[in-house]
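Only one structure is covered here, and it is reproduced in the block below.
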Amino acid sequence: MKSVNDVMTRDVRVARPADSIRDAAAAMAQADIGSLPVGENDRLVGMITDRDIVLRATALGLGPETLVRDVMERVTELRVPLTVDTGFGPNWAAAK
């Protein structure tokens, strides 16, 4: 079984709340990814996705200089738990 260390990304790209959505979209395009964590003061404050940019900015007529903070999902809004201790271990499949 592979460990987290074997599959994790070491060079994580992080957007800042004060970045423009243009910069966030360019970073996603360059890395060929659809989302970026948003960090501030060494803390995760949210996530921004290509879908957030399309639906929360472009579709509403907001321009490319719109700030990431205006369209990102804040940590309190994220729909996935952000815990390291998931309880998933080698026997997780058998426990389902």
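Return the total of residues in segment 16-41 being among the β-branched types (Val, Ile, Thr) and either within 13 Å of residue 69 (Cα to Cα) or touching a Cys at 6+ places or on another chain (Cβ under 6 Å) (or both).
2
Could you check how many residues of segment 56-74 are farther than 13 Å from residue 18 by Cα and in a helix (DSSP H, G or I)?
4
Condition first: of a type in the set (Ser, Thr, Tyr) and either modelled with pLDDT of 95 or more or within 21 Å of residue 59 (Cα to Cα) (or both). Now tell me which residues in segment 6-48 satisfy that. Outline the logic, then answer.
Taking segment 6-48 as the starting set, the residues that turn out to be of a type in the set (Ser, Thr, Tyr) are 9, 20, 35.
20, 35 - these are the residues of segment 6-48 that are of a type in the set (Ser, Thr, Tyr) and either modelled with pLDDT of 95 or more or within 21 Å of residue 59 (Cα to Cα) (or both).
Among the residues of segment 49-96, write down those that are more than 28 Å from residue 2 (Cβ to Cβ) and at pLDDT below 90.
Across segment 49-96, the qualifying residues are 76, 77.
Taking the condition of being within 13 Å of the chain's Cα centre (by Cα) and either surrounded by fewer than 17 Cβ atoms within 10 Å (Cβ to Cβ) or hydroxyl-bearing (Ser, Thr, Tyr) (or both), how many residues in segment 43-72 meet it?
Keep residues of segment 43-72 that are within 13 Å of the chain's Cα centre (by Cα), which gives 43-53, 68-69, 71-72.
Filter again for either surrounded by fewer than 17 Cβ atoms within 10 Å (Cβ to Cβ) or hydroxyl-bearing (Ser, Thr, Tyr) (or both), leaving 43-44, 49-51.
Looking only at that region, the number is 5.
The values are calculated or read from the model by the stated rules, or taken from the named source; none is laboratory data. Just so we're clear, the structure is a prediction, and the values are computed from it rather than from any experiment. All Cβ positions, even for glycine, are placed from backbone atoms using ideal geometry, and neighbour counts span all protein chains on display.
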